[in-house]
Amino acid sequence: MIELKILVDDLDYDSVAEFLVPALVESMAKDQKSGLLGGVLSGNSDMLTSVARTLLHTMSQDKRDELLVQLINKNRDKLLEKGMHAAHEKGIRVQLCDVTAKKF
């Protein structure tokens with residue numbers, strides 16, 4: 001087994017928002033606990049992207065980093081699945097075992 005460590009700095013959070021919003025929309029649509037606001041936003045991904053961008057711009061860099069760490073750790077299984085699927089599409093046989101994030 002090999003442990004791969006990647007340190008990330010100076011992340012473009014606008015691009016991250018655009019990348020993650022479709023997954024968030026799907027999750028909110030499935031989650032009956034998302035309430036009225038979740039129901040409204042899950043039906044309009046453009047509005048949700050705009051809300052996410054606005055929220056990210058109001059947060060400090062530390063808070064954005066903390067949020068991303070939380071999202072990565074919360075969505076661990078989905079990230080592993082997507083990583084293995086992407087590798088498989090490129091003809092790479094690999095078993096990804098874990099993904100975690102922490103803020104330094």
Take residues that are farther than 27 Å from Gln95 by Cα and modelled with pLDDT of 80 or more and tell me which of the helices (runs of 4 or more DSSP H) falling wholly in segment 1-84 contain 1 or more. 13-30, 45-58, 61-74
Which of the residues belonging to segment 52-103 are farther than 16 Å from Asp12 by Cα, in contact with a helix residue (DSSP H, G or I) (Cβ under 9 Å, 6 or more places away or on another chain) and hydrophobic (A, V, I, L, M, F, W, C)? Leu79, Ile92, Val94, Leu96, Cys97, Val99, Ala101
Mind listing whichever residues of segment 59-77 are surrounded by fewer than 13 Cβ atoms within 10 Å (Cβ to Cβ) and over 16 Å from Lys103 (Cα atoms)? Asp77
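The values are calculated or read from the model by the stated rules, or taken from the named source; none is laboratory data. This is a predicted model, so every value here is computed, not measured. Cβ atoms come from the backbone with ideal geometry, glycine included; neighbour counts cover every protein chain shown.
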